[in-house]
1. Counting other C-beta atoms within 10 Å, and keeping those with at most 12, which DSSP coil trypsin sites (Lys or Arg not before Pro) do you find in the stretch 9-48?
2. Please give the charge dipole size of the chain, origin at the Cα centre, charges +1 on K and R Cβ atoms and -1 on D and E Cβ atoms. Round to the nearest 20 debye.
3. Rounded to the nearest 5, what % of the DSSP beta bridges within the stretch 151-248 are antiparallel ones?
4. Tell me which DSSP H helices of the chain clear both cut-offs, 15 Å or more of axial length from alpha-carbon atoms and a mean Kyte-Doolittle hydropathy of at least -1.0.
5. Can you pull out the GluC sites (Glu not before Pro) in the stretch 114-152 that DSSP calls coil and that have at most 13 other Cβ atoms within 10 Å?
6. Along each of the three principal axes of the Cα atoms of the stretch 101-215, give the extent in whole Å, ordering the values from largest to smallest.
7. Counting only protein heavy atoms and using a 1.4 Å probe, what share of the accessible area of the chain belongs to carbon plus sulfur, as a whole percent?
8. Between rounded, prolate and oblate, where does the stretch 98-143 land on the alpha carbon gyration tensor, with a ≥ b ≥ c its root eigenvalues, rounded for a/c under 1.5, else prolate if a/b exceeds b/c?
Amino acid sequence: MVLSIAQITDLHLLADPEAALRGCVTTARAAEVFGALRERSPDLLLLSGDLSEDGSPASYERLRDWVEALGCPAIAIAGNHDQPQCLAEICGRSPFINESVHTVRDWRIITLDSCQPKRVDGWLGAEQLDWLDQRLAEESTPTLLVLHHPPVPIGVAKMDASGLQDGPEFLKLIARHEQVRLVLSGHAHQAFIQSRGSTTFLGCPATAMQFDQATLPAGWRSLELESDGSWRSQVHWVPASSTLALNQ
C-alpha cells in the first residue's frame, strides 16, 4: 500500500501573525500551504525545521493547531532558528510522533538533529553518526532520513557554507547501507535533487520566501512511497503555478 507523505519546511513563523520577514508574511503563506494539504489528505506530514523564526510559544501553538486540523500524524524536527525545548513542549503530543525511528507501511523514517546552538551551519557529530550506523545495521527495510541541513553541496556558495559540515562523514556512512533510499532536508529554501549510489537527496522549497527565486510562492513536496522501496515525488507551489515531478 502506498504511503503518502507531505514535506514542508522553513515556515519561519512569528508570534505576530501579520508580521513580515524580508517582506514575506510567513503566517499567511503557511496558512495557504496547510489549506492545500487539507485537500490532499496525506498519510504523514514531515516538517523539516525552521518552523519558527522567533521561537515564540505563539508560533508553535499556531503550528500545532494547523497540524491537528490536518488530521494526520506529523514528525517535526528543529532547524537552526527554532527553540527545540519550546517546540517539544508544545508539539510533544499526538498527532506529533516523537520518536527518532518510526516504521510505517514497510518504510523506516529516521530523524536526525543537525543543529548547533547559536550557529547557522549544521553538524551531526560522531556520537549521532555512530547511533545512525547502528540503527541502519538493524534491518534492511527501505529507509528515509530527515534532517534540516542539506548533507550535499547544492551549488550555491552561501548555502553550501551553512550546510552540514560533517556531510562527507555522513555520506560515507550511508553509502554502506543500500536501504537508505531517500534523504530529505530543508534549510536551503529551494528544491534540488541529487543521487549518489542507491540514495536520492531531495531539497524542499520553503513555505516562507525562496532564496533562489524570490518571486516564487510558497512550496512543499509530496512523496509516494511503495513497499518495494520505489518512490515518486513532486514539488508543489501555493497558489499553484507549476508542478515539478520525478519518479524513482
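The values are calculated or read from the model by the stated rules, or taken from the named source; none is laboratory data. Note that this is a predicted model, so its numbers are computed, not measured. Here Cβ is always computed from backbone atoms with ideal geometry, including for glycine, and neighbour counts include all displayed protein chains. All accessible areas refer to the heavy atoms of the entire protein, side chains included, with ligands and DNA or RNA removed. Shrake-Rupley method; radii C 1.70, N 1.55, O 1.52, S 1.80 Å.
1. Values: sites: Arg22, Arg29, Arg38, Arg40; in loops: Arg22.
Those satisfying the criteria are Arg22.
2. On the way: 19 positive and 31 negative charges, 91 e Å.
For the chain, the charge dipole is close to 440 debye.
3. On the way: 18 of 22 bridges.
Among the beta bridges of the stretch 151-248, antiparallel pairing accounts for roughly 80 percent.
4. Values: long enough: 26-40 (21 Å, -0.29); 57-70 (20 Å, -0.62); 125-138 (20 Å, -0.84).
Going by DSSP H runs, the hits are 26-40, 57-70, 125-138.
5. Working: sites: Glu127, Glu138, Glu139; in loops: Glu139.
Those satisfying the criteria are Glu139.
6. Computed over the Cα atoms, the extents are 43, 28, 23 Å.
7. Values: 5160 of 10570 Å².
C and S atoms contribute 49 percent here.
8. On the way: a/c = 3.24, a/b = 1.88, b/c = 1.73.
Prolate shape, in that a/c is at least 1.5 and a/b is the bigger ratio.
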